[in-house]
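To start, the structure under review is shown below, and the notes come after it.
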Amino acid sequence: MADDPREAAARYRQERERREDPELSGEAPAAASPPRPMTETERWAYVETTIAQAIRRGEFDDLPGAGKPLEGLGDHHDPDWWIRRKIQTEQLSGLGPPALTLRVENERLRETLDRLRRESEVREHLEDFNRRVIEARRQLQGGPPVVTPTRDVDAEVTAWRERRDAAAAAAAEVEVASRRPAPRRRLFGRRRRA
């Protein structure tokens with residue numbers, strides 16, 4: 001059975017250090033040599049020792065959030081909760097795989113539809129959205145799964161029409177209210193009747 005290459009390299013390094021170390025060979029040092037870099041094991045031991053000393057000194061006591069559950073990790077049944085949070089915190093749009101872009105578009109679909117003026121444009125936009133969702137579900141290129149639902153075109157058009165009519169009625173009320181003449185005020189006090 002062959003030796004592990006890492007062990008062989010470590011043995012070679014130790015032998016070389018013994019040959020080069022002036023104290024071990026009995027020679028007087030000619031000049032101070034630069035310190036050798038730490039090995040991975042030495043770095044690991046140094047970090048572990050430093051952390052243990054900090055714990056004994058109490059530097060990790062009373063940190064904010066100590067003993068409390070991590071924020072936002074409650075009852076998440078959605079396996080892609082982290083993607084949703086990333087979309088919200090970073091306000092991502094138009095980047096990344098279709099799963100991300102379609103989720104962002106799905107969240108903002110109502111505002112997008114409300115900016116359209118004609119029913120034919122709304123229907124066309126919804127049909128394009130549904131087509132892209134179905135197409136993204138069929139792709140097997142990896143990445144997060146596409147869980148964005150398709151939209152019922154007729155139901156969305158009806159809701160768009162109702163929102164549009166309500167906004168038009170509210171605008172008409174504001175316009176009527178602005179047309180009414182302001183009540184006249186008398187600049188001087190009332191006249192007294194004699």
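Can you put V157, V146 in order, fewest other beta carbons within 10 Å first? Each step should come with its number before you reach the end.
Working: V157 17, V146 20.
In order of increasing Cβ crowding within 10 Å: V157, V146.
Taking 30 Å as R0, compute the FRET efficiency from the Cβ-Cβ separation of F60 and R108 and round it to 0.05. Numbers along the way, then the final one.
Working: r = 43 Å, r/R0 = 1.42.
Plugging the Cβ-Cβ distance into 1/(1 + (r/R0)^6) gives 0.10.
Computed from the coordinates by the stated procedures, all read-outs in this text should not be read as laboratory data. Worth saying up front: this structure is predicted, and the values here are computed from it rather than measured. Positions of Cβ are generated from backbone atoms using ideal geometry, with glycine treated the same way; all protein chains shown enter the neighbour counts.
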